[in-house]
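J.: Here you go, one structure.
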Amino acid sequence: MKKTNTLIIILAGILCSVACQKILPAAPEDHDLLDGSVQGLNNEQAARFGRGDLTFNNKIFTSETGLGPIFVATSCGSCHPGDGKGHPFTSLTRFGQTDDTGNKFHTQGGPQLQNRALPGYQPETIPPGATFSTFTPPMVTGLGFLDLVSDADILAMAKKNENNIDGIRGQPNWITLPSYIKPKENAIARYDGKYIARFGLKASVYDLLHQTVEALNQDIGITSIYNPIDQWSGQPIEPEILASEVHNLVFYLQTLKAPIQRNPENHTIKAGKSLFKSIGCEGCHRETLKTGTSLITALNKVEFHPYTDLLVHDMGSELDDKYTEGTAKTSEWRTAPLWGLGLVKNSQGGKYFLMHDGRAKSIEEAILLHGGEAKVSRDRYKELPNEDKSQLTAFLESL
Amino acid sequence: MNNKLYYSIITLLCFTLNSYAQIDSTLIKPGSDTTKRSLMNLEAIHNRPFTNIGNTPAALGGYMESNWQYLSTEGVSEGHQFQFRRLTLFTSATITKRIKFLAEIEFEDGAKEIAIEFAALDIELSPLLNLRGGMIVNPIGAFNENHDGPKWEFTDRPLAMTNMLPATWSTPGFGIYGKKSFNKWMASYEFYLSSGFDNSIIENSENKTFLPATKQNKNRFEESENGTIFTTTKFAVKNNKWGEIGISHMGGIYNKYRDEGIDIDDKRRVNIYAIDFNTQIPNTKTFVTGEFAWVFVDVPETYSQQFGTKQQGGFIDIVQPLYTRKVLDWNNATVNLSVRIEYVDWNKGRFKETGHQIGDEAWSFMPGISFRPSQKSVFRLNYRYLKTRDLFQNTPERTDALIVGISTYF
C-alpha cells in the first residue's frame, strides 16, 4: 500500500512537471497578431521596444500623472487596443478648418475636441459655426516602414496619376512643421516652406514624433517638452511625461512589425488579388513601397506591402464632412493602408467599423462608400458577380 | 534603546514564557462540524488559533502564505515565480470580562505592503448587543471578514472579492453587532459607521472603476476624504443543517465634493450589495461557499465610460473531502478535491456610441487538490483557467496557471 502511494505521488510529480508545457495555452501565430517588433532588433533595441510597449499599452494616465483635465482617452492602448484600429468609443472629433488657410477655431479648442473631463471639470463642446469630422483611430503597426518612404517616391506616385484614365489623381498633403520637428534627410519642401505629411486620416502629421507628441497632448492631455500647452488652460505648463519616454514611444511605433498576410497562396485569395488590381483599386492602394536608409536593419531599404500611396484623394461628397487639415480639401482623405484589414475586427469587438468615422460595418459597405476619384473602381466592383466579390473580400481579409 | 537589543528581549520573552497552544480550529475546513455549527461569519475575526502567553491575558497568532506559480497568458509566460504572498500576525487580549481587543497586521509581498487590517476593541453588553470601535473590517459579504489563507483550499483569493470589492478593506469606524440563537437557528446583525472611499475608485491606473484603489490612500486612517459617513450593514441567518446566508450593504459618498468650504463637485455615492452563503451537504460532507456582489457607482456623465457605473461578480467554492486518516504523525490528515468558479464584470453597460455591450470582464475555473496534515495547515495544488475580455469585447485572452502553495496558521 505504501509503495502504491509513493508511486502515485511520484507519478503526480512527473505529471505536474510536464503539465506546464502541455496544458498552458500556446502563443497565437505571428500573422494573427498586430503587435510584436520587426525582426532583427539587437538586444538594446529590443529592450527599448519593450519600454515603449509598456508605455503604449500599459501606462494608464490619471490626474496624478497628468491626465486631462480634459481628454479623449486615458492611455495610448485605449484608442489602439492590441495596436489595432480603434473603436467608436475612442473616436476623435476634429473641428474648425474648412480650407488650406488654417483652423479658425484655435482659440476655442480646435482642432480637436476633448469630449471627456475629470470629475469637477467640463469637457469641450463644438463651438457654434464650426464644421467637424469624426476620426476612428487607425492601427499603428508598420508605421516605421511608412515613415521611411521618401518624399521623392510620394511625389512620383502623385505624378504618375496625372494621366490616370480612371480619374485618380491624388496629391500630398503639405503642412507647416511645428517648431520641434526637424525635416527628414532628403525632405522636399514646397515653395511656401511646407513639407509633405503622411500620417493620420488626412495625412496631416509629418512623422512619428509629431504623431506621438500631439496624440499625448490632444488625446490624453499630457504636455511634453515638445508641446507644453495644456489643452484646458491654453497655457504652457511643466512637462507631464519625460522626453525619454516620448522617444521610447516613437521607437516602439517605428519598430512595430508590419501586418503579415495570411494564406497568400490560397487560390481564392490569389483570385481576389487579381480582381483588386483589375478593377483599379491599386491605383490608390499601392501594393508595394520601399523604405530609405535606416539604422534598423529590418527597415533599411526594403520593399513592403501596405496598399497605400500616402496621398490624399477626393473621395466624393458622401465622405465630405466639410472639415480638413493641411492643404487637403474637405473631401480628400489619405489612402488608408489596407494591410492588417482582416485583423481589424480583433480590436473592434469582433465587428467592423471602417472608413474614417467607422460608418461602414463591412468591407463591402466600405467599398461602396468610395466615391470621387474611386467612383470608377467602385462601379466596376458593383458589376462583379457575387463569387468575384467574395474572392475580393477574401483577399482583403487576408491582408 | 538599540533596536537589536529590543528585538532580542522580545524574542527571549516569547520563548521563555510558558506558552501553550489554544487552538480553535472550528472555522477551518473541514473542521469539527459540531462546534462549527454554532459559529457564524460574524465571529471569524475572533475565532482563530491563538497561543496564550503564560498567564497573561494576551494571545498571539498568525498565518503565512507562500506559492510557486507558473502562469502563461496567450503563450507568454514570465516563467517560474516563487511568491511570498503574506505574513499576518494577530494578537488579542481579554482586557477585562466582556472587553476584548484584537489586532491583525499584514505584511504582503515581502513587506511591500504593510497594513493594520484590524485593531478594534469589543465590548459585550449582551450577546445581542456588542460595541466595536477602532480599525474595523467592513462586513461587506463574508470574505472580507473571513479571509485567512489557511481556511481556504485555493492559493488565490476570489477575483471578485479582491479586484472588484476591496478584500480586507479596513477603515476607522465604530459600530454594533450581535447574535441570537433559537434552537437550530441563529441570526446576527452588524452595523458600522466609518470613513469611506475616495476619488481613486474612478481615477486610477487600473483604467476601470476599481474600489480596491482606495486601499492605497493611507490618509484614510486620519482624514476622511469628504467628511461624510459610510455605513455598512449586514444581516445573516444560519440553520445548523442548511448553512448560513448573509446579505449586506455598504455605501456612502465617495468623492471630494467640497474643498475649503467651496463646492467643487456634486456628491457622488457608491452602493455595494452582497449576498453570501455557506453550507455543508450532510451526506457527502461537501462544503459549498459562495458570494456575489453588485456595485453601483455614480460616475460623472462627462467622465469616461471606461469607468463603469455598475459592476457585478462573485464566486462559488465546492470542496469535497476525499478521506481523513492518520498519515505519519498526523492523526486527522485530510485530502480534499475542490473547484472554484468565479466571474467579474467591471463595467456592466452599453457604449453610448454604438449601443453594444461593454466588456471588461473575467471568468475563471479553478480545480484543485489540497492536503491538510492538520486543521491549521494546508498544501494546495491549483490549476487556473482564466479568460479576460477587454472593454470592447474583443476575443478573450486566456491565462492558465499551475500553482502550488502552502498556508498555515502558527
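The values are calculated or read from the model by the stated rules, or taken from the named source; none is laboratory data. Source: prediction; values computed, not measured. Positions of Cβ are backbone-derived with ideal geometry, glycine not excepted, and every protein chain shown enters the neighbour counts. In case anyone asks, the SASA skips ligands and DNA or RNA and just uses the protein heavy atoms, side chains included. Shrake-Rupley method; radii C 1.70, N 1.55, O 1.52, S 1.80 Å.
J.: Roughly how many Å is it from the Cα centre of region A:245-271 to that of region B:88-142, as a whole number?
T.: 57
J.: Here's another thing I want to ask about it. With springs only between Cα atoms under 10 Å, which of A:E214, A:E332, A:E64 fluctuates most in a Gaussian network model of chain A?
T.: Checking each option, the largest mean-square fluctuation is seen for A:E64.
J.: Run lengths n ≥ 4 of DSSP H only: what is the helix-derived mean residue ellipticity at 222 nm for chain B, with -39500 (n - 2.57) per run over all residues, to the nearest 500?
T.: When only DSSP H runs of four or more count, the value is -1500 deg cm²/dmol.
J.: Cα convex hull of region B:224-291: mean projected area in nm², to one decimal?
T.: Its average projected convex-hull area is 5.5 nm².
J.: So if each residue of separation counts as 0.36 nm, and I subtract the Cα-Cα distance between B:Q81 and B:L328, what length gain in nm does that give?
T.: Length gained between B:Q81 and B:L328: 85.9 nm.
J.: Give me the one-decimal Kirkwood hydrodynamic radius in Å for the protein assembly as shown, with the sum taken over alpha-carbon pairs.
T.: Mean inverse Cα-Cα distance, inverted, gives 30.2 Å.
J.: Loop-only GluC sites (Glu not before Pro) in region B:98-132, please: DSSP not H, G, I, E or B, and at most 12 other Cβ atoms within 10 Å.
T.: Within region B:98-132, no GluC sites (Glu not before Pro) qualify (loop, at most 12 other Cβ atoms within 10 Å).
J.: Using the heavy atoms of the protein chains and a 1.4 angstrom probe, tell me the accessible area per residue for chain A in square angstrom.
T.: Per residue, chain A has an accessible area of 45 Å².
J.: Which shape class applies to chain A: rounded if a/c is under 1.5, otherwise prolate when a/b exceeds b/c and oblate if not, where a ≥ b ≥ c are the square roots of the Cα gyration tensor eigenvalues?
T.: oblate
J.: Cut-off under 15 Å on the C-alpha distance; same-chain residues fewer than 8 positions from A:K351 excluded. Which aspartates and glutamates are left, in chain and number order?
T.: A:E364, A:E365, A:E397, B:E353, B:D390
J.: If you take the C-alpha gyration tensor of region B:21-409, multiply each eigenvalue by 5 and take the square root, what semi-axes do you get, largest first, in whole Å?
T.: 33, 28, 20
J.: Output the pairs from B:K256/B:K348; B:K234/B:K376; B:K215/B:K256; A:K182/A:K257; A:K85/A:K361; A:K160/A:K322 with a Cα-Cα distance over 20 Å in this structure; if there are none, say none.
T.: From the list (B:K256/B:K348; B:K234/B:K376; B:K215/B:K256; A:K182/A:K257; A:K85/A:K361; A:K160/A:K322), the Cα-Cα distance tops 20 Å for B:K256/B:K348; B:K234/B:K376; A:K182/A:K257; A:K160/A:K322.
J.: For B:T228 and B:A187, calculate 0.36 nm times their separation in residues minus their Cα-Cα distance, and state this gained length in nm to one decimal.
T.: That works out to 11.8 nm of additional length.
J.: If you build a Gaussian network model of chain A, linking Cα atoms that sit under 10 Å apart, which residue out of A:G193, A:G86, A:G109 swings the most?
T.: Of A:G193, A:G86, A:G109, the Gaussian network model singles out A:G193 as fluctuating most.
J.: Still on this structure, I have one more. Rolling a 1.4 angstrom probe over the protein heavy atoms, how many square angstrom per residue are accessible across region B:270-345?
T.: 44
J.: Say the cut-off is 22 Å between C-alpha atoms; which of A:K202/A:K301; A:K277/A:K389; A:K375/B:K352 go over it?
T.: A:K202/A:K301; A:K375/B:K352
J.: Take each uninterrupted DSSP H stretch in chain A, measure its Cα extent along the helix axis, and return the ones at 20 Å or beyond whose mean Kyte-Doolittle hydropathy is at least 1.0.
T.: Span-like helices, by this rule, are A:2-23.
J.: When only the heavy atoms of the protein chains count and the probe is 1.4 Å, how do B:I176, B:I140, A:I225, B:I245 rank by accessible area, highest first?
T.: The residues order as A:I225, B:I245, B:I176, B:I140, largest area first.
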